[in-house]
Structures are given as C-alpha cells and as structure tokens.
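The values are calculated or read from the model by the stated rules, or taken from the named source; none is laboratory data. None of the values given here were measured: they were computed from a predicted structure. Methodologically, a virtual Cβ is constructed for each residue, glycine included, from the backbone with ideal geometry; neighbour enumeration extends over all protein chains shown.
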Amino acid sequence: MKMTVIGCGYLGATHAACMAELGHDVLGVDVDAAKIEMLASGSVPFFEPGLDDVVRRNIAAGRLRFTTDFTEAAAFGKIHFIGVGTPQQAASDAADLTALRTAVRELVGHLRGRHLIVGKSTVPVGTCVELADEIAALTRNNGSIELAWNPEFLREGFAVDDTLRPDRIVVGTDPRRADSTAASTLAAVYREILDGGTPYLTMDWATAELVKVSANAFLATKISFINAISEICEVAGGDVTALADAIGHDARIGRRFLNAGLGFGGGCLPKDIRAFAARADELGVGSALSFLRAVDEVNMRRRAALVAMVERACDGSVLGRNIAVLGAAFKPESDDIRDSPALAVAAQLSLRGARVTVFDPKAMDNARRVFPTLRFADSAVAAARAADAVIVATEWAEFVHMAPAELTDTVSRRLIIDARRCLDGRAWADAGWDYRALGTAGAGSSQVITHVVSATEERESMV
Ligand code: UDX
C-alpha cells in the first residue's frame, strides 16, 4: 500500500521506516530540509537503536523515500499518517497544536479525491472534532477526506520493536460517519502485525485520543507513586527497591515502571500529564485530574532531593567542588535530552557553584547545544577526573556494569551517588567507595545494598 508519513521526528521517522519494513511504499515528509536530506541519505538524525538499519534497508529496496514537498505527498498515495510534535505551549501547560494544524491544512490544500488522514501524534481530547471541522471547511463539506486517530505508544530506545510488535493497535474513527472505511483500511495496513496476534481495538475519536494520554498519565503516576514511597523510605529507613519487588509480585500491581530514583523526563510523560490536566480544566472537570499535579510535583521533587543529597555529601555546599554527572539523556538507549532529569540536576549543581562535568554515551551533542555552560568529557573516566562526587543520573549499561576500579584512581574522593538505584552498591562499598542511593536513608547499610542488585536485574529483565 502507498502511504505518506508527515513529520519525521522520533515518532514519524520510525513509523515511516517500519511501514516500509512491512512492505508498504512510504514517503516521509517534513518541513525541515536538513532532516529530510539526512534521512534520504540513510542516516537517522537522532539515536534510536536499530532504526538506521531499517531506514537503509528500505531505502535500498526502493520502498522508502523522503521529501519536503506537500504536492508530492498529496499525489503519492491515499493514506497520510501525521506524526508531528505536539509540545507543551510556551506560556501554559496545554499542548501546542500549531505544527499539527499547519500540517493538516497544508496537506488538505493539495489533496484531490478520496483520502484517509491518520493522526498518530498525542493530542488533547476533542482535537479530531476540531480538525475534522477544519477539513470540512477546506473541502467544502464534500466528505472526500476521512480522519482517524491511531495513537502511538512507542518508547524511545525500543521504537522499532514497539512499532513492529506493539502491545495493541488503537484506531479511533468518526462516530458520525456512516461510510467510514478507516478501520478496515488500517487493518490492511497493519495486516502482518495483526496476523501475529496483536489486539486491534477500534473506538470513537474521543476514546482513542484519551487512551493515549490516559496510558501516559497512568505510567507517570506509577513512577511518582514509587518515588513518593521512596520519600517515606528515606526518613523511615525502608528500602524502596525491596518494597517495589515485594508489591510488584502482586500481578494487579506489577513490577514494571516501579523503579524509584530520579523520576521521569523526556518529550512525552511530563508534557502529556500537564496537557491532560489542562484539557480537563478546559472541560470543567479539572478536579478529576488534580492528582496529576501531585504526580508532577513528586517527580520534580526528586531532582531537588538529588541536589540536596549531593550538597549534604559535600558537607553542605558544592561551591568549588568537582562533580561528575554520568548521563545526560532522559533515559538510556536514547540521545533525547528533552526535560532530562540528569541535565536538570547538572545545571542546578552548576548554578550552585560546582564545576560539573557531564558524560553520556550518546547525548553529548544535544547536551552541549542546550547547556553550553556545563563541561563535557569524552568518557566516564575523564568526567570523573579529580571529582569530589560521581553521580549516576541515567542508567546506561556502561555505567551499571562499570567496575569501581575504573574510577578509583581518577577521583579525588570516592563518593558515588546512585540516582537511578541501578548500581551494585555492595561492589562499590567493597571497593572502598562511599556508596549512596537516592531514596535510601543511611546509605551504605547492608540491607539497602542487597536489594540494589535486584533492581538492576529487574530492569534488565524488563527490557
Ligand atoms: C513514554 C511511554 O512509555 C510511551 O508509551 C509513550 O509513547 C511515550 O512516552 P518514553 O518517553 O520513550 O515513553 O520513555 P519511558 O520508557 O516511558 O520512560 C519515561 C521516563 O520515566 C524516563 O525518564 C525513565 O527514566 C523514567 N522511568 C521509567 C522511571 O523513572 N522509573 C521507571 O520505573 C520507569
């Protein structure tokens, strides 16, 4: 089948490449000429494991092309996926739909005959109705263009796998449209995936829009729940990782997304919970989602708690201290630094007078661009040179598996702060390090250290 994918960021580029991988003829479209040029030459402008291979393979097979030209897109096929960004507005918590509206308007202006537009971006409930009205106005109500919403649940770092082997496919269609063919067309697009047993869930627009934001709100709540409990553990002396293991055995709760630490960041969860709460406010039911404010606050407090912990470990002030921050990406296996907890903490420490040196295996260029005042080193060892404290802020495998001996002769003080509760604390303590984990009272106690190992194992088994 022939289709376009409009917007070639993390979501769109992955979707375009994966649709081609399924055997479709795909044209990726973006207004950013530099991005399109890179993709067309087979290189992905961001780090996403395995995506380069899929892009290159499908360009070579003639199934994947890229353009900036909407006229070409309109003439290319009858199915158009939209995967443009819907970031947080500059002056409010609501989502900024400018790119989405522009993309739809631009595309519709060039379409002739019957077409299906399929939104994948995360949007506030009610967006489909609004876009459909605009499409109707642009096409003089001739009904030639159908709009469906097909939210994307991919995680960065696992984007290819999540797209080709999703947990479910959700399709929302116009409840007022009797001649709707969107669900059957999309079932044909995803035939190979559906034949593998993936559930195919069709519903109305509003439900589909809500499914995505509800899923992200639930995940964010789960993370903040365990981080709130970790605040209690810090003062009461409990071990939040052992606790998460114990409650996670209850199948109703589940162990995944219960890793306490520095909290969530990235381009989705933070802005999605804010936009969801803002939309509930607009709908007059703000109190229904007032708990999401608490979720956000718990999450942000983790960053402040880490800064306070580092200050305490440095005898009350980080002024003039050398601090190594290992990790800049908001999570491992990504170079995405949007709302990265690691960089938020690095910047805070720097503002308090510390000399902060950051190392990340993949996110260095992005981090340098956004935080030019931080120092950057080209390895963990180089970042830790003469450090008074080393902070593991993103749980990259190379940090998780780092032997303490690699840093022992480099640092000026053997203090390691495990902000993701991902290290083998016993190994660090045995090697003569002062090991402290965020979310733990009296760091260094044997009880705490025993269970840090199981958190690492859990995280590995999760992925
Ligand atoms: C998320 C959703 O998982 C995905 O379904 C949606 O499509 C987009 O938003 P992503 O932002 O790629 O995906 O990352 P995710 O793996 O969900 O992690 C989000 C953040 O939560 C990261 O900063 C991560 O470090 C943090 N996290 C995750 C925790 O702090 N603890 C956990 O137990 C799990």
Matching residues, the range 278-311, being in contact with a strand residue (DSSP E or B) (Cβ under 9 Å, 6 or more places away or on another chain) and among the basic types (Lys, Arg): ARG279
Scan the range 125-170 for residues that are in contact with a Ser or Thr (Cβ under 7 Å, 6 or more places away or on another chain) and either more than 16 Å from the ligand (Cβ to nearest atom) or over 15 Å from ALA206 (Cα atoms) (or both) and jot them down. ILE145, GLU146, ALA148, LEU154, GLU156, GLY157, ALA159, VAL160, THR163, PRO166, ARG168, ILE169
Restricting attention to the range 394-429, the residues that are over 30 Å from the mean Cα position of the chain (by Cα) and free of Cβ contacts under 8 Å to residues at least 24 places away in the same chain number exactly 3
Identify, please: which residue in the range 233-280 is free of Cβ contacts under 8 Å to residues at least 24 places away in the same chain, within 21 Å of ALA215 (Cβ to Cβ) and not in a helix (DSSP H, G or I) and is, among those, nearest to the ligand (Cβ to nearest atom)? GLY254
Condition set in contact with a Cys (Cβ under 8 Å, 6 or more places away or on another chain) and of a type outside the set (Gly, Ala, Ser), scope the range 205-232, selection nearest to the ligand (Cβ to nearest atom): answer is ASN216
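To keep it simple, each residue is scored yes or no on (1) surrounded by fewer than 20 Cβ atoms within 10 Å (Cβ to Cβ); (2) more than 17 Å from PHE218 (Cβ to Cβ); (3) modelled with pLDDT under 95.
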site: GLY254; (1), (2), (3): yes, no, no
site: ASN259; (1), (2), (3): no, no, no
site: PHE276; (1), (2), (3): no, no, no
site: ALA294; (1), (2), (3): yes, no, no
site: VAL298; (1), (2), (3): no, no, no
site: VAL318; (1), (2), (3): no, yes, no
Test for SER290: is it hydroxyl-bearing (Ser, Thr, Tyr) and away from the ligand (no atom under 14 Å from the Cβ): yes
State yes or no: is THR181 within 16 Å of the ligand (Cβ to nearest atom) and either of a type in the set (Val, Ile, Thr) or farther than 17 Å from LEU11 by Cβ (or both)? no
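To keep it simple, each residue is scored yes or no on (1) closer than 17 Å to VAL84 by Cβ; (2) in contact with a His (Cβ under 8 Å, 6 or more places away or on another chain); (3) assigned to a helix (DSSP H, G or I); (4) touching a residue at least 60 places away in the same chain (Cβ under 8 Å).
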| site | (1), (2), (3), (4) |
| --- | --- |
| ALA17 | yes, no, yes, yes |
| GLY23 | no, no, no, yes |
| VAL26 | yes, no, no, no |
| ALA34 | yes, no, yes, no |
| MET38 | no, no, yes, no |
| VAL44 | no, no, no, no |
| PRO49 | no, no, no, yes |
